[in-house]
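As structure tokens, the structure follows; a few thoughts come after it.
The values are calculated or read from the model by the stated rules, or taken from the named source; none is laboratory data. Please read these numbers as outputs of a predicted model, since none were measured by experiment. Cβ placement follows ideal geometry from the backbone for every residue including glycine, while neighbour counts extend to all protein chains displayed. We work out accessible area using only protein heavy atoms, side chains counted, and drop any ligands, DNA or RNA first. Shrake-Rupley method; radii C 1.70, N 1.55, O 1.52, S 1.80 Å.
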Amino acid sequence: MPELPEVETVRRGLQPVMEGARIRSVELRRPNLRFPFPEDFAKRLENRKIIALGRRAKYLLMHIETADAVICHLGMSGSFRIEREGGTETLGDFHRERSKAEKHDHAIFHLEGADGSALRVIYNDPRRFGFMLLHDEGTLDSHPLLSGLGVEPTGNVLDGAHLSELLKGRNTPLKSALMDQRLVAGLGNIYVCEALWRAGLSPKRAARTIVAERGVSKRARLLAEAIRSVIAEAIAAGGSSLKDYVQADGSLGYFQHTFNVYDREGQPCRREGCGGTVQRIVQAGRSTFYCPSCQR
């Protein structure tokens, strides 16, 4: 699944084209993705202006000038591409050939840009695990997919004190706690592994053990800083291109070239002076990569 940095990268790629544009029509080439498209989906968006393109955790949010908002999830293979209307030119500086088979182009947004240009934003999804839903803008935070989400890891709110409060008394493994979307929204397997390595913390230790009885522990501070920095660097790098993920302009994210532990089983730890070897274990059905020598 695309993680938060990948979704944020897609949002930033679509934002210059979609924000301020008017949706002239929406072409649906099938009745459903993972879920059926909402009733009158295309009609409710027709001739409406896109006010803003946002993100909450791993969900793209399209805010429309009416009371509707579109909640979009990319699933495992969903992607957007931007083309000039009437042609096949993909906008952007870097390109990578990916699925453009017409049978996988399931939703096409025909837009009139803020400058009057005619554009198409095409949602392509070979596996059809993504989805698009409509919800009332005024009660968006109460939608079942969004209402239980925790703090975003992209700002200063997630500091050592806040993280300590979230993990206090939790006996679950630290990695499992960090992947709980009710605590920290949008964190996934790759970036949790990387953040734990940066903080020098074992994914197997009980989450409560990084919480101090008084004040804020050094471990909690280091972990909060590691989470924020990993996410920020991954967004700046355009995410991690693993399997199906590409950016909105067709280019690859390249954060995977800086992985310190993820998918590096059996390779030397990259921490200076460590000398350990990266190991892979399975936690809650997911692969965890860490260095047992320096992550305690």
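For the chain, the per residue solvent-accessible surface stands at 46 Å², with DNA, RNA and ligands left out and a 1.4 Å probe. Let a ≥ b ≥ c be the square roots of the eigenvalues of the Cα gyration tensor of region 152-214; is it rounded (a/c under 1.5), or, if not, prolate (a/b larger than b/c) or oblate? Since a/c stays below 1.5, the shape of region 152-214 is classed as rounded. Can you tell me the orientation of helix 218-236 relative to the chain, as the angle in degrees between its alpha-carbon axis and the longest Cα principal axis, to the nearest 10? Once rounded, the angle reads 30 degrees. Counting only protein heavy atoms, what percent of the accessible surface of region 27-81 is carbon or sulfur at a 1.4 Å probe? Using a 1.4 Å probe with all protein chains present, region 27-81 comes out at 47 percent carbon and sulfur. In terms of packing, defined here as the mean over residues of other Cβ atoms within 10 angstrom, the peptides 2-10, 264-272 line up highest first as 2-10, 264-272. Helix 4-18 against the longest principal axis of the chain: what's the angle in degrees, Cα atoms only, rounded to the nearest 10? Once rounded, one gets 30 degrees.
In this label model, HIS143 and SER293 are separated by 4.7 nm, measuring between points 7 Å along each Cα→Cβ vector.
I need the Debye-formula profile for the chain: one equal scatterer per C-alpha, no solvent, reported as log10 I(q)/I(0) at q = 0.10, 0.16 1/Å, two decimals. Values returned for q = 0.10, 0.16 Å⁻¹ are -0.59, -1.23.
Counting pairs of Cα atoms in region 32-85, how many percent are more than 16 Å apart? That tail contains 53 percent of the Cα-Cα pairs. Most mobile of ASP136, ASP180, ASP40 per a Gaussian network model of the chain (Cα springs, under 10 Å)? The residue with the greatest mean-square fluctuation here is ASP40. If Lys and Arg each add +1 and Asp and Glu each add -1, what is the summed charge of the other residues whose beta carbon sits under 11 Å from the beta carbon of VAL26? Around VAL26, the surrounding residues sum to +3. Here is how the number arises for the chain: DSSP H runs of 4 or more residues each give -39500 (n - 2.57), the sum is divided by the residue count, and the result at 222 nm is -6500 deg cm²/dmol. Ranked by the mean number of other Cβ atoms within 10 Å per residue, highest first, peptides 150-159, 188-197 order as 188-197, 150-159.
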